[in-house]
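Engineer: Dropping the structure in here first, questions after.
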Amino acid sequence: MGWLSKSLNSSIGKKIVMALTGLSLILFLTVHFINNMFLFFGKDGFDLLVGSLDAVKPLVRVAETALVLLFGFHIFNGIRLWWENRKANPDKYAINAAKENSTFFSRTMPYTGGIILIFLIGHLATLWVKFNFGMEGTHHYYDVVATMFQDLPTAIFYVIVMLVLGFHLNHGFQSAFQTFGWHHKKYTPLVEFIGTAYAVIFAVGFAAIPIYFFIRSMGGN
Amino acid sequence: MINLDSKVPEGNLSEKWMNHKFNMKLVNPANKRKFDVIVVGTGLAGAGAAATLGELGYKVKAFTYHDSSRRAHSIAAQGGINAAKDYQNDGDSIYRLFYDTIKGGDFRSREANTYRLAEVSNNIIDQCVAQGVPFAREYGGTLANRSFGGAQVSRTFYARGETGQQLLLGAYSSLNRQIKLGNVEMHHRREMLDVVVVDGKAKGITVRNLLTGEIESHSAQAVVLATGGYSNVFFLSTSAMMSNATAAWRAHKKGAAFANPCYTQIHPTCLPQHGEGQSKLVLMSESLRNDGRIWVPNIVGEKRVVSDIPENDRDYYLERRYPSFGNLAPRDISSRSAKYACDEGKGVNGGRSVYLDFADAIKRIGEPAVREKYGNLFEMYENITGENPYKVPMQIYPAPHYTMGGLWVDYNLQSSIPGLFVAGEANFSDHGANRLGASALMQGLADGYFVVPYSIGNYFGSEKPEKVDVKGAEFKAAEESVKENTNKMLSINGKQTVDDIHRKLGNLLIDKVGMSRDEAGLKGVIKDIADLREEFWNDVKVVGKADEINQNIERAGRVADFLELGELMAVDALDRDESCGAHFREEHQTDEGEAVRNDADYAYVSAWEYKKAGEWELNKEDLTFESVELATRSYK
Amino acid sequence: MKEHNINLTLKIWRQENATAKGYFDEFKTSVSPHASLLEVFDELNNNLEKEGKDPIVFESDCREGICGTCGMVINGRPHGNQTKTATCQLHMRTFKDGETIYIEPFKAKAFPVLKDLMVDRKGLDVIQQAGGYVSFNTGSAPDANAIPISKTAASLALDAAECIGCGACVAACKNSSAMLFVSAKVSQFALLPQGQAERYERVQNMVIAHDESGFGSCTNTYACEAECPKGISVSNIARMNRDYFVSNMKLQK
């Protein structure tokens, strides 16, 4: 298996890991996104949906383990790439003209990734812990979410991070295709379009949740 | 007196090379690694020779003053490479390529060498294709050819306008493979400053490490110089900034005869000079002459813009004077004609440039087809001049480009110092008094891949040269003289910079030893150059120290040598009292201004032997022609 | 071709050696719009030499944009602001009167500064030596027309082979990755029948040599393509990635 670790640790290998895990995480996000959209269709539906997941807890745990691995590889490799690439380019130019030759999204991947990581920790520590261990037998998941976003700083934080997630996805999606070698004059523009569409839909959709609940909390009271 | 035995083998022209290869002494494969060779220069000839010698099993040490062996100036050749493949079924053959080349050189090259060049041309194309050189292709997948620079058959292979780059990268790739395999030891950023001769044989070189200034000695049983031409003697030329004659010149001063220095080619299609601060001239591929039409306004002092000059007031002077070749007339003719037109005051805006017009071509085959053929050249033109050649005709003017002269070599490409071989543009051998387009790449690769590797084996097999130690007295003496020379330049501390003096030398040469020459001018310029040399050694200012990166010292050393070589060019041009090829003596022309050759008195190679600064002895190698009639070159 | 001179302030990076601290040296100059940037440097150096000062060390050779020797970062951009142009082909007409121009050497850990604007790019050669060739000996080639090659393949291969090895891709990359350079050679041979025999070993060896020479990884910002004086496409990187992936599956070792 020496060849495998050698290949995965090469500069292209690390990219392939990033791309594979990244695309898988996009799949997960899609599922997560669909689930979350139930929030807009009222309390009952959402509570029923999340509650029904409780019924298949072992399966969920397996999926979560896989997710942890995916995130783990993605984060570990991402940090490693960032660190190694910094070492490869220690001196910066006096004049920074990077905007002339590359997109903001592509240059900021380690930073948008870092912000998402911080968010992820907070997100898990609050909502995931609450949903899994803090519900005390009730199924009022919807209320937990609604209560949480009554807090303005929390809502703002979530909105900003979702925007950042959009940035990350915008580059990440098409970048993964490039890494796999799927670059073609005819198809690449389509891939780029889909990536951007995904990024916009996810960012807007996810960010709509805190906005929706915050505005509702103001109107309701 | 130098022994100028050409060692041309016996037999019919077409059998000479074959016979020679058969009669060569071979080195047993197991013994090859006991022989070491130094190759200086990594252009087409040098990289080709180093790689091939490595493949054969010799121990090779290659040297370049560049940071990478991929940067040699062969890379800038644009148009293409000739070969007698006759893939186009248009009547080409080895004999025709040979004949065109020797006739193009105005019968001033050695018949057997030129024939061999044509003979191995086909192997070169095979070799390069196998290396993965992406030559242009037809839709069916076969190789494409174009007609080029004065040839009436399509025998030129090309890769867009970047043929030299692709061929050099091919040679570079073969060289890299040998470096990886450990057969070639590559020394970057080393400039050769002397050749070391032990007991009459070349046994090593002295180099300056351009990063540390250290003077190093390297020994080997044979030395190959593939160090290019000396066009930069003119200061403004199409050569690269660093191209120089130092390696060849120092070998000359150690006893290698220098042949035909006055044969320098002025290329017709270069960009005109824009101003005083210009550092070099840029060549536009001659292939442009396939479709572009060259003209000047008919009226002296024409003030109208191009679009306002009617057809009647345009002089397509090449088409007018050479109806069968037209715009494809050989380089020397084309260049001289442009010079005369500008001398008459018919140059564009009265200056020194002529039009190269694609309006008709665009009308005939359409802009997309023109773009397909010359797109990158047009882009380059627009980039440099800021004018769009699809809309406005290009302006061109001739510029020094290639030097047919060089170190004298025999049929084995061995100089008059045994063990010192000279390949590519650095030698004088194959082009005579003028080189045809797309023949330089051919010669560099022929020498490098297919000639030097054989003849070095023969030298090792027959002479069995001994190994010597770099601690020997000859090496120490060479190191000392190199250091002394450097220190001397640093100590002068005068008022003129190296470039100031180089520019003066260039002006003298282009004026008097350029496209046309005459006795009075040559006699005058010989004295002027000698005076300028005095000026250099008394008034030059070289800054910095010897033991660091010092580009000023590098340039100073090269210019010091140009100041001697420039004089020899004039001396040679004065001696050659005839017009031939690129050497045009005003005294020898027909009423119509065509060159008049003198075969009775001048069918010889002038091989100059160095005596002391400003003093040479002329040795003559008579040129005998067994297979061709010495025709008058006519492109009417 | 006569227009007024333009006045410029040049801030040029000076650095004694790799470990020394660098600084900007300022020069005020009036130049012809038709001069090239390097001709301006020539003139500056000529003046410095006259004053007995050390000229600015910079590299250039062919001045036709093909040898790849020159390379400076001009106002933050390798080879300057004009696309598909090497430093030596950059003309002063692209600058505005009164402009201040910052000129720095290529920066990357793999390209240590030797002096002023001269850097050491030997890593690029090391990569080529690792596999940038077709293994065969002089003399053993079949007839050049023996293998037909489609015009498209030859043309794509030439697109990749046009790389001049200047290192601008590395200088432009925020990761100092040389992947565009590596992929240009890998692609050239991957597209041609001559390159097939060693196709997968080649990509492995060249990628390993790249990584070991201190270059960073590609993160697909495509700054390299934007700054490449030859416009080498990042589709070559994709092709190399694919070949690298396949090579791991295919090779016996």
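Only the coordinates and a few stated rules stand behind these numbers; no lab work does. These numbers were taken from a predicted model, which means no experiment stands behind them. A quick note on method: Cβ atoms are made from the backbone with ideal geometry, for glycine too, and the neighbour counts reach across all protein chains shown.
Engineer: Along each of its three principal axes, how wide is the spread of alpha-carbon positions in region B:262-400, in whole angstrom units, largest first?
Structural biologist: That gives 40, 35, 31 Å along the principal axes, largest extent first.
Engineer: At a 10 Å Cβ-Cβ cut-off, how would you order B:C342, C:C173, C:C70, fewest neighbours first?
Structural biologist: Lowest count first: B:C342, C:C70, C:C173.
Engineer: When chain C is modelled as a GNM with alpha-carbon springs shorter than 10 Å, which of C:A161, C:A130, C:A146 fluctuates the most?
Structural biologist: C:A146
Engineer: In whole Å, largest first, what are the principal axis extents of the Cα atoms in region B:473-622?
Structural biologist: Taking the Cα atoms of region B:473-622, the three principal extents are 57, 37, 23 Å.
Engineer: Sticking with this structure for a sec: Using a 10 Å cut-off on Cβ to Cβ distances, tally the other chain neighbours for every residue of C:97-110 and report the average as a whole number.
Structural biologist: Per residue, the number of nearby Cβ atoms from other chains is 2 on average.
Engineer: Over chain A, with a Gaussian network built from C-alpha contacts below 10 Å, which listed residue (A:F206, A:F167, A:F119) shows the highest mean-square fluctuation?
Structural biologist: Of the options given, A:F119 has the highest mean-square fluctuation.
Engineer: Another question about this same structure. Could you line up B:V451, B:V27 from fewest to most neighbouring Cβ atoms inside 10 Å?
Structural biologist: B:V27, B:V451
Engineer: Additional query: Compute the semi-axes of the equivalent ellipsoid of region A:19-177, taking the square root of 5 times each eigenvalue of the Cα gyration tensor, and list them largest first in whole Å.
Structural biologist: Over the Cα atoms of region A:19-177, the ellipsoid semi-axes are 34, 18, 14 Å.
Engineer: Let me ask something else about it. Keeping to pairs on different chains or 8 or more places apart, tell me how many lysine pairs in region C:122-250 have Cα atoms under 28 Å apart.
Structural biologist: Going through region C:122-250 pair by pair, I get 9.
Engineer: What whole number of Å gives the distance from the Cα centroid of region A:172-211 to the Cα centroid of region B:209-282?
Structural biologist: Centre-to-centre distance over Cα atoms comes out at 55 Å.
Engineer: Reachable aspartates and glutamates from B:K7, Cα under 16 Å, same-chain residues fewer than 8 places away excluded?
Structural biologist: Of all the aspartates and glutamates, those that pass the test against B:K7 - Cα under 16 Å, at least 8 places apart if same chain - are B:E15, B:E111, B:D410, B:D430, B:E463, B:E621, B:D622, B:E626.
Engineer: Where both residues lie in the protein assembly as shown, what percent of DSSP beta bridges are antiparallel, nearest 5?
Structural biologist: Rounded to the nearest five, the antiparallel share is 75 percent.
Engineer: Quick check: the angle from helix C:235-250's long axis to the longest principal axis of chain C, C-alpha only, nearest 10 degrees?
Structural biologist: For helix C:235-250, the angle is close to 40 degrees.
Engineer: Give me the inter-chain shielding for C:147-158: mean count of other chain Cβ atoms within 10 Å, whole number please.
Structural biologist: Average per residue, whole number: 6.
Engineer: Can you give the helix-only mean residue ellipticity at 222 nm for chain B, where every DSSP H stretch with n ≥ 4 adds -39500 (n - 2.57) and the sum goes over all residues, rounded to the nearest 500 deg cm²/dmol?
Structural biologist: Only helices count here, giving -11500 deg cm²/dmol.
Engineer: Determine, from the Cβ-Cβ distance of A:S5 and C:E201 and an R0 of 22 Å, the FRET efficiency 1/(1 + (r/R0)^6), rounded to the nearest 0.05.
Structural biologist: Computed FRET efficiency for A:S5 and C:E201 comes out at 0.70.
Engineer: Here is a follow-up. Could you tell me how far the Cα centroid of region B:408-439 sits from the Cα centroid of region B:515-547, in Å?
Structural biologist: 27 Å
Engineer: Continuing with the same structure: Among all the aspartates and glutamates, which ones have a C-alpha under 16 Å from A:K99's C-alpha, if same-chain residues fewer than 8 places away are not counted?
Structural biologist: C:E225, C:E227
Engineer: Given springs between every Cα pair under 10 Å in a Gaussian network model of chain A, which of A:A199, A:A88, A:A63 has the largest fluctuation?
Structural biologist: Looking only at A:A199, A:A88, A:A63, the biggest GNM fluctuation is shown by A:A88.
Engineer: Hydropathy at least 1.0 by Kyte-Doolittle, axial extent at least 24 angstrom from the Cα trace: which helices of chain A, defined as entire DSSP H runs, fit?
Structural biologist: A:11-37, A:152-179, A:188-220
Engineer: Using a 10 Å cut-off around each Cβ, can you sort B:E567, B:E286, B:E615, C:E198 from fewest to most neighbouring Cβ atoms?
Structural biologist: B:E615, C:E198, B:E286, B:E567
Engineer: In straight Cα distance, which lysines are under 19 Å from C:K50, not counting same-chain residues fewer than 8 positions off?
Structural biologist: B:K488, B:K495, B:K504, B:K541, B:K545, C:K28
Engineer: Using only Cα atoms, tell me the angle between helix C:199-212 and the longest principal axis of chain C; keep it within 0 to 90° and round to the nearest 10.
Structural biologist: Long axis of C:199-212 versus the principal axis of chain C: about 40 degrees.
Engineer: Given region B:204-323, what whole percent of its Cα pairs are spread farther than 22 Å?
Structural biologist: 60 percent
Engineer: Kirkwood-based Rg over Rh for chain B (C-alpha set), two decimals?
Structural biologist: 0.95
Engineer: Given a cut-off of 32 Å, name the pairs among A:K92/B:K373; A:K92/B:K483; B:K61/B:K253 whose C-alpha atoms lie farther apart than that in the structure shown.
Structural biologist: A:K92/B:K373; A:K92/B:K483, as the Cα separations exceed 32 Å there.
Engineer: If you fit an axis through the alpha-carbon atoms of helix C:179-191 and take the longest principal axis of the Cα set of chain C, what angle between them do you get, 0 to 90°, nearest 10?
Structural biologist: Helix C:179-191 and the main axis of chain C meet at about 40 degrees.
Engineer: To continue, here is another question. Across the residues of C:206-218, average count of Cβ atoms on other protein chains within 10 Å?
Structural biologist: 5
Engineer: For a distance above 45 Å, tell me the whole-number percent of Cα pairs in the protein assembly as shown that qualify.
Structural biologist: Pairs farther apart than 45 Å: 38 percent.
Engineer: Another one. By per-residue mean of other Cβ atoms within 10 Å, what is the highest-first order of B:68-74, A:105-111?
Structural biologist: B:68-74, A:105-111
Engineer: If you average 1/r over every pair of different alpha-carbon atoms in chain C and take one over that average, what Kirkwood value in Å do you get?
Structural biologist: By the Kirkwood definition, the hydrodynamic radius is 19.7 Å.
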